[in-house]
Structure formats: C-alpha cells, structure tokens
Amino acid sequence: MLKNNILIVDDVHAIFMEMAEAKGYTCDYRPLIKLEEVMQIIGDYAGLVIRSKFRVDKTVLDAATGLQFIARAGAGMDNIDEAYALAKGINLINAPEGNSDAVGEHAIGMLLSLMNNLNRGDAEIRNGEWKREANRGYELKGKTVGIIGYGHMGSSFARKLSGFQVNVIAYDKYKTGFSDEYAREVSMEEIVKYSDVLSLHIPLTTETNGLVDDEYLFHFKKPIFFLNTSRGKTAKVSAVLNAIRNGKILGAGLDVLEVEKFPSLAEQTWFEELKQSGKVLLSPHVAGWTFDSYRKISEVMAEKLPVLN
C-alpha cells in the first residue's frame, strides 16, 4: 500500500484527479466498482472518495486498515459512520462550499414557482384550460422567510433572497451570533410565529430526523410555503400533506423525500396524494447537483486533501 493511493468509487469531475495528482497523489478512478469489490481492496488505499453509492459503515471502515481520509463529493456526511471513522483517526472531508450556490438558486426557483403557480398554470394551459383567477399568486416582497440551519446552504439561500426585499430570519441550534446583512438570528419560537416561508437547510441527524411533523407544523401562526432541499427524512411527507389539506401549508417544494427512487417511492402510502397535489413541486434530489457544482465540488475536495509529508 502506498500512502498516496486514493480509491474513487463514484463519478467525480476530472479536475479532482488533476489537482490531486498535482499534489502527489495517485488516483484509482473506478466509478462502476461494487461494494463487494471495494471490500476486497480497500485495505490497500490511504484515501477514499465517495458520493452516495453505499454507506461507509463499521464493516467498511474495519476493512480499510490503511485509510487516512474519506472525501465525500457533496455536503452531507450521513452515509458515513462519522463517529467510528473519527475514532479510528480517519480525516473526513466534504465540500458544502461547492454546491451551496446551486442549492440556494434551486430553493429560490422552487419558491417563486410555488408562489406563482407556474407549474400548475403551465400544465393547465397545455391541457386546454385557461384559469386566470385560480392561478393568482403571491409576491415575495415584504414576506418573512424563516431558515432552519444557517451553514453554507442556509446562508446561500439568504444571500440569494437579498434582492427580493424580504425579512429573513434564521435559527441554528448549533451556532449563535451568526446574524449578518442577509439574515437575523432568532429563536425557533420566532420562526414559528413570524414565518411566511419555511426552508430547511439542515443535516440528517438523530435530532433532525422527523423534525417537521404534525406537531411541529401545528404551532405555525400563519400559513406558510415550505421548502426542503436538505434531507428527506427531516420532514414527514404525511405531515406536509396533512398541513396542505388543512391550509397550514400553501405550497411545498420538495427536492428530497423520506423515500427516494423508484420503485420504492411508488410503493409509499402517501405517494399518490403527493403526486396528485397541485400544491406540491417535486425535483429528484438535484438541488445541489448542477453542471457547475459538479466541477466545484471536486475542486473543493482536492483543495482540502491532506498535504503529503
């Protein structure tokens, strides 16, 4: 085993290999490799680069006897057993800086589309229906946008909102003193009391799993537009649909779902209602995945690679 060997098991931009090799690393690019094959050879590598192909759990980490770092081409680290990796002295690298602009722009696009019924109106016209009054929308100006999680993604969304003359408030359980020119730090109680729009920008943890449920949404004082571009399991789809039915949610933009990909998605009890709702806008977990972020994520990862001794 060489201390500069990196096994790349997912598709990444060629710029990563170029920058890594310029630093003295040797890259073994195998985006089609299966987990069974990885288990046989992982002990020969000092670095592992992954996106979402499989979970890097205790079994994988125990087999990776020489692993010094894991780099994930994305923001979240929920498919890696972080605690166990860190306990083994493995350095963890991710690249939220690489796709934060993509997420912020995607959230803006979803919000404007929801508030102005763009997808629904388009579909109706194509179906021979001209419903002007039924598609009257809302203006974003003057609204209060509540952001949960003010890291790279939440702050990017706030920056993108800065030209819309809105009041942006943000809550983050894990940091304080983060008020800036784009958002004002508030308590969760203020988020619930004042928000016209609620947008999630949080990682999936034991604390955030199922955060948005019936009980949580019940406490909002005003009807809201709801956005989730973070992780699907942070919001229960059944609760979102219940809130749409009772008028608590005016429209929901969901880039992520509790269960993703087919056929599993189609088997969910809530999927048919979700699909039929004219107040839900869906995208296939692509908020952070643009042609631009594809390159930027790889650049950020390469820049963060440990310096070889």
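Quick notes
- Any hit, region 257-268, residues being acidic (Asp, Glu), under 20 Å from Arg120 (Cα atoms) and more than 19 Å from the chain's Cα centre (by Cα): no
- Residues in region 72-117 that are in contact (Cβ under 8 Å) with a residue 24 or more places away in the chain, within 28 Å of Lys3 (Cβ to Cβ), part of a helix (DSSP H, G or I) and not acidic (Asp, Glu): Tyr84, Ala85, Pro96, Gly98.
- Scanning region 251-269 for residues that are hydrophobic (A, V, I, L, M, F, W, C) and open to solvent by 30 Å² or more (accessible area, probe 1.4 Å), we see that the one that is nearest to Asp196 (Cα to Cα) is Val259.
- Looking only at region 87-105, and only at residues there that are under 23 Å from Ala20 (Cβ atoms) and more than 23 Å from the chain's Cα centre (by Cα), the one that is most open to solvent (accessible area, probe 1.4 Å): Lys88
- In region 58-72, the qualifying residues are those that are in contact with an Asp or Glu (Cβ under 8 Å, 6 or more places away or on another chain) and at pLDDT 95 or above, and the one that is most open to solvent (accessible area, probe 1.4 Å) is Lys58.
- Residues in region 270-309 that are in a helix (DSSP H, G or I) and either open to solvent by 90 Å² or more (accessible area, probe 1.4 Å) or among the small types (Gly, Ala, Ser) (or both): Glu272, Lys275, Gln276, Phe291, Asp292, Ser293, Arg295, Ser298, Ala302, Glu303.
- Restricting Ile125, Ile108 to residues that are farther than 26 Å from Gly76 by Cα and either modelled with pLDDT of 95 or more or surrounded by 12 or more Cβ atoms within 10 Å (Cβ to Cβ) (or both) narrows the list to Ile125.
- Qualifying residue in region 32-45 (condition: surrounded by 20 or more Cβ atoms within 10 Å (Cβ to Cβ), touching a strand residue (DSSP E or B) at 6+ places or on another chain (Cβ under 6 Å) and touching a residue at least 24 places away in the same chain (Cβ under 8 Å)): yes
- Within region 153-180, residues that are closer than 25 Å to Glu139 by Cα and at pLDDT 95 or above reach partners that are in a helix (DSSP H, G or I) and polar (S, T, N, Q) with beta carbons closer than 6 Å, at six or more positions or on different chains, in the pairs Met153/Ser100; Ser156/Ser100.
The values are calculated or read from the model by the stated rules, or taken from the named source; none is laboratory data. Note that this is a predicted model, so its numbers are computed, not measured. Here the Cβ is made from the backbone with ideal geometry for all residues, glycine too, and neighbour counts use every protein chain on show. To get the accessible areas, we keep the full protein, side chains included, count just its heavy atoms, and leave off ligands, DNA and RNA. Shrake-Rupley method; radii C 1.70, N 1.55, O 1.52, S 1.80 Å.
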